[in-house]
């Protein structure tokens, strides 16, 4: 049985990955800063990624190490830049240094973001396309990708990076979504309308969280995917199309408002993913659509 460690197991991606790994018969060990696991049926311990000594509790014989911990946000990063650097860069460095010291040969699985790309209208972004970082979080993620390559080059520590555009969905009770779609649903429920900046024509790739977990595991099962970067695909929709699907579900309207100045400066434009590299490596077929998920969600 293969061993997997999930750091950040109480986070949105972390808990879905942990659940999927268990379904796939991985021996999973879960770690998070929170005091109580959201998956109490699985082994769990507290770990603060900003404290180097906390990594000493990890099993150095693990096969995979999913590093799902860190801070997210847009303009909040400007006010909390030290926390973002500690969580998103120093935290990863602490893990990499522990692997050097312990001799752990696990492959690190790392989630990156659409926000490192320079958006291009009417174009599907490949992994090698131009980068542009407009937020502290985006700088952190691009730095982390470079740190993983650096430690592989110097110390032969292996990794696989997955860039994720807009995740949505939830297979656990008590929550319904995440990020953009969660924001739309909250607006529909609490305000009776969904507001969009501009005309809503900006496009994104929307990926159901179950597809994200399954695509990750399908990819890392292939030895040839070591030390490579993959876009995770899904559906390519405009924000207006996505908002309208949510609005129709709840019987509300979509309203348009002017862009706030800072939000407009930080907006990346269209970020639609070309995921042909992942599909070629794995043959993975996405199982979920936003419309299908909304129709089945109560």
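Brief remarks on what is shown
- Residue check, residue 271 more than 19 Å from residue 161 (Cβ to Cβ) and either outside the structural domain of residue 198 (by TED's automatic domain parsing) or within 21 Å of the chain's Cα centre (by Cα) (or both): no
- Of the listed requirements (1) touching a strand residue (DSSP E or B) at 6+ places or on another chain (Cβ under 6 Å); (2) at pLDDT 95 or above, residue 169 misses just one: (2).
- Strands (runs of 3 or more DSSP E) contained in the stretch 1-119 and holding at least 3 residues farther than 25 Å from residue 156 by Cα: 44-46
- Listed by position, the strands (runs of 3 or more DSSP E) contained in the stretch 127-206 that have at least 1 residues being more than 20 Å from the chain's Cα centre (by Cα) and over 27 Å from residue 38 (Cβ atoms) are 193-197.
- Within the stretch 224-235, being part of a helix (DSSP H, G or I) and loosely packed, with under 13 Cβ neighbours inside 10 Å holds for one residue alone: 224.
- Within the stretch 168-182, at least one residue is farther than 30 Å from residue 27 by Cα and free of Cβ contacts under 8 Å to residues at least 60 places away in the same chain.
- Of 45, 52, all but one fail to be surrounded by fewer than 19 Cβ atoms within 10 Å (Cβ to Cβ), in contact with a helix residue (DSSP H, G or I) (Cβ under 6 Å, 6 or more places away or on another chain) and outside the structural domain of residue 264 (by TED's automatic domain parsing); the exception is 52.
- Evaluating residue 153 against the criteria (1) without any contact (Cβ under 8 Å) to a residue 12 or more places away in the chain; (2) closer than 30 Å to residue 265 by Cβ leaves one unmet condition, (2).
- Residue in the stretch 214-223 that is surrounded by fewer than 21 Cβ atoms within 10 Å (Cβ to Cβ), outside any helix (DSSP H, G or I) and either modelled with pLDDT under 95 or in the same structural domain as residue 119 (by TED's automatic domain parsing) (or both) present: yes
- Verdict on residue 137 being surrounded by 15 or more Cβ atoms within 10 Å (Cβ to Cβ) and in contact with a strand residue (DSSP E or B) (Cβ under 6 Å, 6 or more places away or on another chain): no
- Counting only helices (runs of 4 or more DSSP H) that sit completely within the stretch 236-298, those holding 2 or more residues that are buried (at least 17 other Cβ atoms within 10 Å of the Cβ) correspond to 239-250, 276-282, 290-296.
- Meets criteria (assigned by TED's automatic domain parsing to the domain that holds residue 269 and surrounded by 23 or more Cβ atoms within 10 Å (Cβ to Cβ)) for residue 194: yes
The values are calculated or read from the model by the stated rules, or taken from the named source; none is laboratory data. This one's a predicted model, so the numbers in the text were calculated from it and none came from an experiment. Every residue, glycine as well, gets a Cβ built from its backbone with ideal geometry; the counts of neighbours run over all protein chains shown.
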